[in-house]
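Notes for the one structure printed next.
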Amino acid sequence: MEEQDYIELNTLLAKLRVVCFKEIGNPDTNTPERERNYRLVRNIDNIRKQMPLKVGDGTISMIK
């Protein structure tokens, strides 16, 4: 994965997380939809925490 790809991925995940929090905070959002958004936020956080990466020479790769 190129460094720019990784940056774009993180940007998209951050934007999705913001959208989820906006839906959670919306009083018109029903409970099942709110729970779905909570799960998405937790999944995004887990992806970020559990993806060990090695950065070098302008590329980013997973550590195996």
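Counting only other residues whose beta carbon sits under 14 Å from that of Leu13, what net charge do I get with K and R as +1, D and E as -1? Before the final figure, lay out the partial values.
Numbers: positive: Lys15, Arg17, Arg42, Arg48, Lys49; negative: Asp5, Glu8, Asp45.
Summing Lys and Arg as +1 and Asp and Glu as -1 gives +2.
The residues neighbouring Glu33, those whose beta-carbon lies less than 13 Å from its own, together hold a net charge of +1 under the Lys/Arg +1, Asp/Glu -1 convention. Gain on full extension, evaluated as 0.36 nm per residue between Asp45 and Asn10 minus their Cα-Cα distance, stands at 11.5 nm. Each label was represented as a point 7 Å from its Cα along the Cα-to-Cβ direction; for Glu3 and Asn26 these points are 3.8 nm apart.
Throughout, read-outs are computed from the coordinates displayed, never taken from laboratory work. Because the structure is a prediction, the values reported are computed rather than measured. Cβ atoms come from the backbone with ideal geometry, glycine included; neighbour counts cover every protein chain shown.
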